[in-house]
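Written out below as structure tokens is the structure these notes cover.
The values are calculated or read from the model by the stated rules, or taken from the named source; none is laboratory data. It should be emphasised that the depicted structure is a prediction, and the values quoted were computed from it without experimental measurement. Positions of Cβ are backbone-derived with ideal geometry, glycine not excepted, and every protein chain shown enters the neighbour counts. Calculation scope for accessible area: heavy atoms of the full protein, side chains included, ligands and nucleic acids excluded. Shrake-Rupley method; radii C 1.70, N 1.55, O 1.52, S 1.80 Å.
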Amino acid sequence: MPARLTAYLPEGAAVETLLAEGHGLQVGRAPPSEWLIDHPSVSRSHARLEPEDGGWRLVDLDSKNGSFIDGTPAGGRRLPRNAWLRFGDVTCELLDVDEQSLARAGARRIERQTASVLHQRAIEQSGAPSDLLKATLAAVVDLADCERGFLLINQPEGPVVGAWQGLDASTVAAPSFDGSRGAVDRALRERRAVVVNDAGLDSALAGRASVIAGGLRSLVCLPLVAQDEVLGLAYADSRKPGHAITTLELDLLSAFSERAALWLAARRSELALAEVARQARWPGAEGAAA
């Protein structure tokens, strides 16, 4: 039976691959490895999954940081049908999949791509600036398969909350609200998407009160950049056990956020209105998006 391998990078989208029955797979950071995991703790040629009697065994290729099966060194042992593996500091999940699971995965890819197109149309047809912001946020939350989120718009006095979803309005407006402040600040500062799967294990976020109180499992922050200017940021998170934002979602989200930034730039003067921005200032944001 084939199996799905999912790598949960400490900072990045989850990476999935299919392990075909009877076929081996080399894991590492660079070619000639076949499944590439871009993390410094993973060696160029780290480990190999070798077929054995309808299953697989895991052989470490003298990697610097080791290979593990359910927390113990691999040692060339046969893998359980479902197991947690670790290559260096990257945790991976091995799950058997049947034909129905493979069909569902294919249908999901098509569904996500179709949803992206439909969201783009909804934004193109949005009328009032507030509708544009709400439609943009709804698209990000949906494409990330998350439950809640908010949209920041940069104003001269600092970022303000322009839209929210799945959150109480009074909570968003409160000075103490920060979603996951560390991830937001990082995304604005570095002008890149920040994805965290199982935020409780992320060294930069695990101790933050918002992460602990929110019980966050995964989150994504997408800076909205047009012509080298940060116009704002879209944030979405999930508290569902087992939820992961994969490279599929991140690719769709990145492409969508690029287009959303262009739409926001075209409507900038309207978005500057105080009633749209709602004057809910992001606390301590001075210079964060400079």
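Here are the numbers for the structure shown:
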| item | result |
| --- | --- |
| Selection count, the range 14-27, where residues are in contact with a strand residue (DSSP E or B) (Cβ under 7 Å, 6 or more places away or on another chain) and not in a strand (DSSP E or B) | 3 |
| Every residue from the range 112-169 that is aliphatic (A, V, I, L, M) and not in a helix (DSSP H, G or I) | ALA128, ALA144, LEU151, LEU152, ILE153, VAL160, VAL161, ALA163, LEU167 |
| Where LEU132 falls short, out of the listed (1) within 22 Å of the chain's Cα centre (by Cα); (2) modelled with pLDDT under 90; (3) of a type outside the set (Val, Ile, Thr); (4) not assigned by the TED database to the domain that holds VAL15 | (1) |
| Total residues in the range 1-34, condition buried (at least 17 other Cβ atoms within 10 Å of the Cβ) and small (Gly, Ala, Ser) | 7 |
| Count - residues of the range 13-33 that are farther than 26 Å from LEU253 by Cα and either out of contact with any Asp or Glu (no Cβ under 6 Å at 6 or more places or on another chain) or acidic (Asp, Glu) (or both) | 10 |
| Output for the range 53-70, where each listed residue is within 21 Å of LEU95 (Cα to Cα) and open to solvent by 60 Å² or more (accessible area, probe 1.4 Å) | ASP53, ARG57, ASP70 |
| Scope the range 72-93; condition closer than 19 Å to ARG4 by Cα and over 25 Å from the mean Cα position of the chain (by Cα); matching residues | ALA74, ARG77, ARG78, LEU79, PRO80, ARG81 |
| Checking GLN100 against (1) under 25 Å from the mean Cα position of the chain (by Cα); (2) within 24 Å of GLU249 (Cβ to Cβ), the condition it does not meet | (1) |
| Some residue of the range 218-228 being part of a loop (DSSP other than H, G, I, E, B) and either within 24 Å of LEU248 (Cα to Cα) or modelled with pLDDT under 85 (or both) | no |
| Flag if ALA163 is exposed (fewer than 14 other Cβ atoms within 10 Å of the Cβ), of a type in the set (A, V, I, L, M) and modelled with pLDDT under 90 | no |
| Unique match (being farther than 30 Å from ASP145 by Cβ and outside the structural domain of LEU143 (by the TED database)) among PRO40, PRO31, PRO10 | PRO31 |
